[in-house]
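These notes are about the structure you will find just below.
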Amino acid sequence: MSSRFRTLSRFRSLSRLLAAPLLVLGLLAGCAPSEPAFKSTDITGADYGKRFELTDHHGKVRTLADFKGKVVTVFFGYTQCPDVCPTALSGMSAVMAELGADGDRVQVIFVTVDPERDTQELLAEYVPVFDQRFLGMYGSMEKIAEIAKDFRVFYRKSGDLEGHYTIDHTAGTYVFGPDGRLRLYVKHAEDPQVIAADIKALLAGK
């Protein structure tokens, strides 16, 4: 056997030995979990919001279908909320600033859980303070209760029920994709940069 042939045979044997562990590594890499697309809780497939029909602070009746093509965020609160609601709306204001021009492709909705006190006029004064593009929504007590139940949102009066009361309520935000599907649940006081990144992912088709 020539030295050239022996060298070629050794080279082929070495190639086969190296190929085996590389193949195993490739298979392992294929089995590794991919990085999640979102930082917020992915609830894709939940069917909340099907009965959503409320009046906005301009006096126009709205459904979620009106905003198809945009990312829609929905938060339940009330105008006399001492801290949670202003924090949530201020956070979304920061999100809009973070998004820049993409903010025009997002609709932020604030649904009152205090329809007895939150009139159209009061919502029109309160909600746009955080961003002129935000919409405050209201309805009858029965309608608000129906929609809150649909979203699994809890709320209850606390204190002097005759007038000077507060309302305990769920504080997270729901996010719908541009196709109208519910996609994410965002915990209260989440970092605006995290929310903005998730919204950008939705706008990009994730």
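The values are calculated or read from the model by the stated rules, or taken from the named source; none is laboratory data. Since the model is a prediction, treat every value here as computed from it, not as a measurement. Here the Cβ is made from the backbone with ideal geometry for all residues, glycine too, and neighbour counts use every protein chain on show. Accessible surface areas use protein heavy atoms only, side chains included; no ligands, DNA or RNA. Shrake-Rupley method; radii C 1.70, N 1.55, O 1.52, S 1.80 Å.
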Would you work out what percent of the accessible area of segment 60-206, with all protein chains in place, is carbon or sulfur (probe 1.4 Å)?
-> 52
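Determine the per residue accessible area of segment 131-172 with all protein chains present and a 1.4 angstrom probe, expressed in square angstrom.
Values: 2400 Å² over 42 residues.
Normalised by residue count, the accessible surface of segment 131-172 is 57 Å².
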Roughly how much of Ser93 is accessible, in Å² to the nearest 10, using a 1.4 Å probe?
-> 40
Would you work out which of Ser140, Ala101, Leu122 lies farthest towards the positive end of the dipole of segment 88-189, given +1 charges on the beta-carbon of Lys and Arg and -1 on that of Asp and Glu, about the Cα centre?
-> Ala101
Which net charge results when you count Lys and Arg as +1 and Asp and Glu as -1 among the other residues whose beta-carbon is under 15 Å from that of Gln132?
-> -3
Specify, per residue and in Å³, the volume enclosed by the convex hull of the alpha carbon atoms belonging to segment 58-151.
-> 96
So the number of lysine pairs in segment 49-206 with alpha-carbon atoms under 23 angstrom apart, 8 or more residues apart or on different chains, is 24
Within a Cβ distance under 12 Å of Asp66, other residues only, what is the Lys/Arg minus Asp/Glu net charge?
-> +2
Computed on Cα atoms, the radius of gyration and Dmax of segment 85-206 in angstrom are 15.1, 48
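Treating the beta-carbon of each Lys and Arg as +1 and of each Asp and Glu as -1, no other charges, what is the dipole magnitude of segment 49-206 about its Cα centre, to the nearest 20 debye?
Numbers: 19 positive and 23 negative charges, 155 e Å.
Rounded to the nearest 20 debye, it is 740 debye.
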Segment 105-170 shape via C-alpha gyration tensor axes, a/c threshold 1.5 | oblate
